[in-house]
Amino acid sequence: MAIIDLDRAIVRTGGKFDEMVERCYYRPVEREALVFPICAQVPGDRLYQCRGEDAVLAFLTLSPYAQLDSQTRLEKRFACAAHAAEPHAMRGEDVSIVVSDHVYLDNHGGKAEEPLIYDATNERTLLASLVHYGDLKLWERGDSRILRGSRTSAAVLNKSCNNCMFNRTSGSPSGAFFDHWCHLDLLDISNDRAATCASYRLTRGQPKPASERYVRLHADEIWIPQFAEHPHGPFSVAANDK
């Protein structure tokens with residue numbers, strides 16, 4: 001599902017074109033209520049709210065990560081791991097950067113002690129590595145299961161986007177300019193996706209402030225499915241270990 005037309009999105013948000021990546025994927029937490037399901041913070045920096053795991057990578061790599069091809073995504077993850085590992089290496093710690101089962105950067109030198117292992121194989125392995133070594137802090141809304149489990153494991157009370165507080169429409173339903181989108185993440189709603197939406201909110205009632213339902217994540221709480229991406233490319237075993 002692609003981000004909606006940027007020209008229309010800019011009108012909706014009052015933003016500028018060069019700000020749309022940030023507005024669509026992550027936003028700094030200021031006085032506004034937290035609505036995105038994930039919060040991320042690089043220690044010593046501002047707290048940001050992110051709409052998903054790809055949004056956290058967009059925040060970390062300063063790129064429209066969700067729109068990149070798989071090869072470029074791998075390169076971004078690898079660069080992010082290298083950037084996070086560098087301060088540890090400068091402090092004399094042993095570090096390794098791995099993709100799948102292969103080590104690509106290493107200052108370990110075969111020592112008996114285990115190095116700090118940054119796994120850039122996929123988004124979740126990288127986030128778990130960053131959290132484990134203190135390079136990133138993550139929080140997830142209590143009722144969200146984006147990082148702590150599959151989206152389908154998060155049951156919702158009503159499986160229709162029409163009853164969600166983030167549902168927006170414009171124009172006549174039968175007209176050429178009718179538009180139906182999710183205000184939370186600026187995505188077109190081509191069908192009801194509430195059944196697998198971690199950000200679903202019923203319009204009725206007054207839910208507790210989202211900020212009261214965020215929990216701090218530990219590395220071992222980030223669920224990594226067996227079908228997670230194992231990339232093939234310049235960092236793959238097949239391409240480099242012939």
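Each reported figure results from applying straightforward, stated rules to the coordinates on display, with no laboratory input. Nothing here was measured: the structure is a model prediction, and the numbers come from that model. Neighbour counts run over all protein chains shown; Cβ positions are idealised from the backbone, glycine included.
Side notes on the structure shown:
- In summary, segment 26-173 shows an alpha-carbon radius of gyration equal to 1.24 times the 2.2 N^0.38 Å reference for compact globular proteins.
- Computed from phi, the 3J(HN,Hα) profile of segment 50-60 under the Karplus parametrisation 6.51, -1.76, 1.60 (θ = phi - 60°) reads 10, 8, x, 5, 5, 5, 5, 5, 4, 5, 6 Hz, with x in place of Gly and Pro.
- Take each peptide in 120-131, 70-81, count the other Cβ atoms within 10 Å of every residue, and average; sorted highest first, the result is 120-131, 70-81.
- Across segment 81-92, coupling constants 3J(HN,Hα) worked out from phi with the 6.51/-1.76/1.60 Karplus curve, θ = phi - 60°, read 5, 5, 5, 6, 6, 4, x, 5, 5, 5, 8, x Hz, and Gly and Pro carry x.
- Between Arg148 and Gln67, the modelled labels are 3.3 nm apart [label points 7 Å from Cα along Cα→Cβ].
- Principal axes of segment 68-132: Cα extent on each, largest first, Å: 37, 22, 17
- Close amide H pairs (under 5 Å, H built 1.01 Å from N) link Trp223 with Arg148, Gly149, residues at least 5 positions away or on another chain.
- Distance between the modelled labels on His102 and His180, one decimal in nanometres: 4.6 nm (7 Å Cα→Cβ projection).
- The peptide list 163-175, 132-144, put in order of mean Cβ contacts within 10 Å with the highest first, becomes 132-144, 163-175.
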